[in-house]
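The values are calculated or read from the model by the stated rules, or taken from the named source; none is laboratory data. Bear in mind that the values here come from a model prediction, so they are computed numbers and not experimental data. Here the Cβ positions follow ideal geometry from the backbone for every residue, glycine too, while neighbour counts run over all protein chains shown. Accessible surface is based on the protein model in full, side chains and every heavy atom, while ligands, DNA and RNA are left aside. Shrake-Rupley method; radii C 1.70, N 1.55, O 1.52, S 1.80 Å.
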Amino acid sequence: MRKQIVAGNWKMNKNVQESTQLASEIVAEVKDLNLDNTRVIVTPTFVNISEVVKVAKGSAVEVAAQNMHQAKSGAFTGEISAEMLTSLGLKTVILGHSERREYFGETDAILAEKVDAALANGLEVIFCFGEVLEDRKAGNHFSVVESQIKNALFHLPADAWKNIVLAYEPVWAIGTGETASPEQAQEMHAFIRKIVTDKYNTEVAGDVSILYGGSVNPGNAKEIFSKEDVDGGLIGGAALKAESFIALVNSF
Ligand code: PEP
């Protein structure tokens, strides 16, 4: 059975003291929750991962990374490998965030390599994708999303999908305060589950968690998360405060 997930993307925010403080607050709140089928994930920036891992140790809060390089090791100044993440005890990495695509030139082909490197190292991938506003206005959002998923993930064998989480993040809704309506989210998530069914089978499609991301906040989360094919959220702004992040976890 697929899991519900609330994952906080801290992006390039919070120094080490602020990161450990936020993690401590989340750990304290999560302790009293009956999480059952829900996973809670936080993703500090690389330099703060070790300290946050220490804070989260023994709790239900999982720590993940926001990105990684596709190469095993070598002359890639400033980059981080999959093995470096697993050596810290991490189990999950976000790949394909729209900010990585837009500002750092990450193409579908690069992302396919990153996905392969992550999976080869035993990491689970939260794979992000989503259309820009022009695509939605032109009615191309389904074909854009289909090609993003196809190009980076459809070379994988069916059994690799147990380590894939999908995150539909319409770019026009990220950090803008504009959210896809619950109906728009459900429509896209159902479409995604259908293309995964068509490519693989109902079991793979039924087991994959599909998160929605884009200005989710405590005021709109309940309705979005209640949709049949929405299995949680990838959260930016509202993940930077324990109170709002925990409110999102409680929205299930
Ligand atoms: C994100 O960056 O993944 C995101 C969804 O951000 P926000 O919640 O701030 O829109």
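Evaluated at 20 °C with a viscosity of 1.002 mPa s, what Stokes-Einstein diffusion coefficient in µm²/s does the chain have when Rh comes from the Kirkwood expression over alpha-carbon pairs?
The Stokes-Einstein estimate is 118 µm²/s.
Would you work out what percent of the accessible area of the stretch 4-249, with all protein chains in place, is carbon or sulfur (probe 1.4 Å)?
51
In whole percent, what relative contact order does the chain give with Cα contacts below 8 Å and a gap of six or more residues?
With pairs under 8 Å counted, the relative contact order is 21 percent.
If you roll a 1.4 Å probe over the heavy atoms of the protein chains, what accessible area per residue do you get for the chain, in Å²?
That works out to 45 Å² per residue.
Would you mind telling me which residue in G214, G105, G122 has the biggest mean-square fluctuation in a Gaussian network model of the chain, where springs connect alpha carbons within a distance under 10 angstrom?
With Cα springs under 10 Å in the chain, the top fluctuation among G214, G105, G122 is at G105.
Which length gain, in nm to one decimal place, applies between L88 and D36 when the Cα-Cα distance is subtracted from 0.36 nm times their residue separation?
Here the answer is 16.1 nm.
Among the lysines, which have Cα under 19 Å from the Cα of K14 when same-chain residues fewer than 8 positions away are ignored?
K54, K241
What is the distance in Å between the Cα centres of the stretch 29-89 and the stretch 190-217?
Taking the Cα centre of each part, the stretch 29-89 and the stretch 190-217 sit 24 Å apart.
Quick one: if the Förster radius is 51 Å, what FRET efficiency do A158 and Q17 give, using the C-beta to C-beta distance and rounding to 0.05?
0.70
Test of understanding: extend the Cα→C-beta vector of E203 to 7 Å, then name every residue of the stretch 1-34 with backbone N under 19 Å from that spot.
Output list for this probe position: 1-3.
Pulled fully out, how much extra length does the chain show between K137 and S50, if you take 0.36 nm times their separation in residues and subtract their Cα-Cα distance?
Using 0.36 nm per residue and subtracting the Cα-Cα distance, I get 27.1 nm.
Please check: in the Gaussian network model of the chain (C-alpha springs, under 10 Å), which one of F127, F191, F225 has the largest mean-square fluctuation.
In this elastic network of the chain, the residue with the biggest mean-square fluctuation among F127, F191, F225 is F191.
From the cross-link list K162/K222; K91/K194; K3/K57, which pairs have alpha carbons spaced over 31 Å apart?
Too far apart for the 31 Å limit: no listed pair.
Loop-only chymotrypsin sites (Phe, Trp or Tyr not before Pro) in the stretch 1-102, please: DSSP not H, G, I, E or B, and at most 12 other Cβ atoms within 10 Å.
F76
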